[in-house]
Amino acid sequence: MNSEQTLRYLVLKAGAAQVAGKSGFTQSEFEEIKRLYVEEGRTFSQIAKVIGKGSENSVRNSLSKARVNRASNGERKLERFKSGQKYGNITLLTRLVKSKKLRYHVVCDCGYEFDIDPYFLTLPDDHKNSISQCQRCRAGK
């Protein structure tokens, strides 16, 4: 390859909008990766599956080379639990501020209100600590 061919090759390669050299993601794919990571809080492996291209490591490398992290965009901490979310028969009402641990005031579909650590709501149904309904509804079974 002479210098003219090399220059043409580099221009063509740049025209393909490759990001971070060897990552293999186009500019539009990289923007989608960035959006999934920063705005939706997806993990590297989830992003690779959503994009349908690359691996967990290639996604991580492309984000780190572009110096993208969740805090860099001035975003606040991602909140996994929000008021109004529903898990089984239980709806989250308000986060308890005075509690040292993360706790929510919740209401069951039957109307019974109580306080709970919301992580118990996300456990699989067959887990011994899983909660999908209040104590009254559970006892009524």
Query raised in the report: Taking amide hydrogens as modeled 1.01 Å from N in the peptide plane, which residues meet the under 5 Å criterion relative to L93, leaving out close sequence neighbours?
Result: G84, H105, V106, V107
**Report entry** Proximal charge balance of R67 [Cβ under 14 Å; K/R count +1, D/E count -1]
**Finding:** +4
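In this model, which of K86/K128; K82/K128; K49/K86; K34/K100; K100/K128; K34/K82 are farther than 28 Å apart at the alpha-carbon?
Working: K86/K128 20 Å; K82/K128 24 Å; K49/K86 26 Å; K34/K100 33 Å; K100/K128 24 Å; K34/K82 23 Å.
Among K86/K128; K82/K128; K49/K86; K34/K100; K100/K128; K34/K82, the Cα-Cα distance tops 28 Å for K34/K100.
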Report task. Give the shape of the range 86-139 as rounded, prolate or oblate, defined through the alpha-carbon gyration tensor: a ≥ b ≥ c are the square roots of its eigenvalues, a/c under 1.5 means rounded, and otherwise the shape is prolate if a/b is larger than b/c and oblate if not. Result -> oblate
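No lab work stands behind these numbers, since they all come straight from the coordinates. Small disclaimer: the values here were computed from a predicted structure and weren't measured. So basically every Cβ, Gly included, is an ideal-geometry build from the backbone, and we count neighbours across all protein chains shown.
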